[in-house]
Amino acid sequence: MFPFPGRRERLSVREAHTRTTGRRAPAVLLDVRSQAEWTLGHAPGAVHTPLTDLIAGAALPPAARDRPLVVICRSGQRSQQAVELLVERGADAADVEGGMNAWAAAGHAVVDEHGNIGATA
């Protein structure tokens with residue numbers, strides 16, 4: 001996913017959507033926001049692991065293991081921290097510039113825990 005070793009990639013919402021949407025998506029969208037934020041609204045098909053869990057050493061969910069990761073949070077701050085941590089662990093990861101705020105502003109779907117129209121915190 002990265003064109004240059006050691007360089008951290010920040011993806012636009014458009015690029016993140018392209019890389020993580022569809023049956024043959026090359027990457028997994030990993031949402032690192034809190035449980036409350038996730039419950040309120042997240043991207044369909046995203047996988048959830050709060051940054052606090054990653055910091056505590058939690059493993060990635062099975063759907064996110066051994067796959068390129070596109071990491072998203074609310075605004076792009078926590079996702080940058082998560083990418084640093086994940087890359088140190090050997091993952092191929094990039095973060096989404098602007099986070100879920102930018103995702104929703106671009107008109108991409110946001111769903112709640114029941115699959116209904118969701119919101120971002």
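The values are calculated or read from the model by the stated rules, or taken from the named source; none is laboratory data. The structure displayed is predicted, hence computed values, not measured ones. Here Cβ is always computed from backbone atoms with ideal geometry, including for glycine, and neighbour counts include all displayed protein chains. Accessible surface areas use protein heavy atoms only, side chains included; no ligands, DNA or RNA. Shrake-Rupley method; radii C 1.70, N 1.55, O 1.52, S 1.80 Å.
Values for this structure:
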read-out: Number of the condition not met by P5 [criteria: (1) at pLDDT below 95; (2) crowded, with 20+ Cβ neighbours inside 10 Å]; value: (2)
read-out: Positions within the stretch 29-48 being open to solvent by 10 Å² or more (accessible area, probe 1.4 Å), in contact with a Pro (Cβ under 9 Å, 6 or more places away or on another chain) and among the β-branched types (V, I, T), in sequence order; value: V47
read-out: Single residue of A93, A109, A102, A82 found to be open to solvent by 40 Å² or more (accessible area, probe 1.4 Å), at pLDDT 95 or above, of a type in the set (A, V, I, L, M, F, W, C) and closer than 17 Å to R19 by Cβ; value: A109
read-out: Residue match in the stretch 50-66 (condition: basic (K, R), under 22 Å from T21 (Cα atoms), open to solvent by 40 Å² or more (accessible area, probe 1.4 Å) and not in a strand (DSSP E or B)); value: yes
read-out: Any hit, the stretch 32-46, residues being under 14 Å from the mean Cα position of the chain (by Cα), in contact (Cβ under 8 Å) with a residue 40 or more places away in the chain and assigned to a helix (DSSP H, G or I); value: yes
read-out: Where G22 falls short, out of the listed (1) open to solvent by 20 Å² or more (accessible area, probe 1.4 Å); (2) of a type outside the set (V, I, T); (3) not in a loop (DSSP other than H, G, I, E, B); value: (3)
read-out: Residues that are out of contact with any Lys or Arg (no Cβ under 9 Å at 6 or more places or on another chain) and of a type in the set (V, I, T), drawn from the stretch 22-52; value: T39, V47, T49, T52
read-out: Any hit, the stretch 76-95, residues being more than 11 Å from the chain's Cα centre (by Cα) and under 19 Å from T120 (Cα atoms); value: yes
read-out: Positions within the stretch 67-121 being in a loop (DSSP other than H, G, I, E, B) and basic (K, R), in sequence order; value: R67, R74, R89
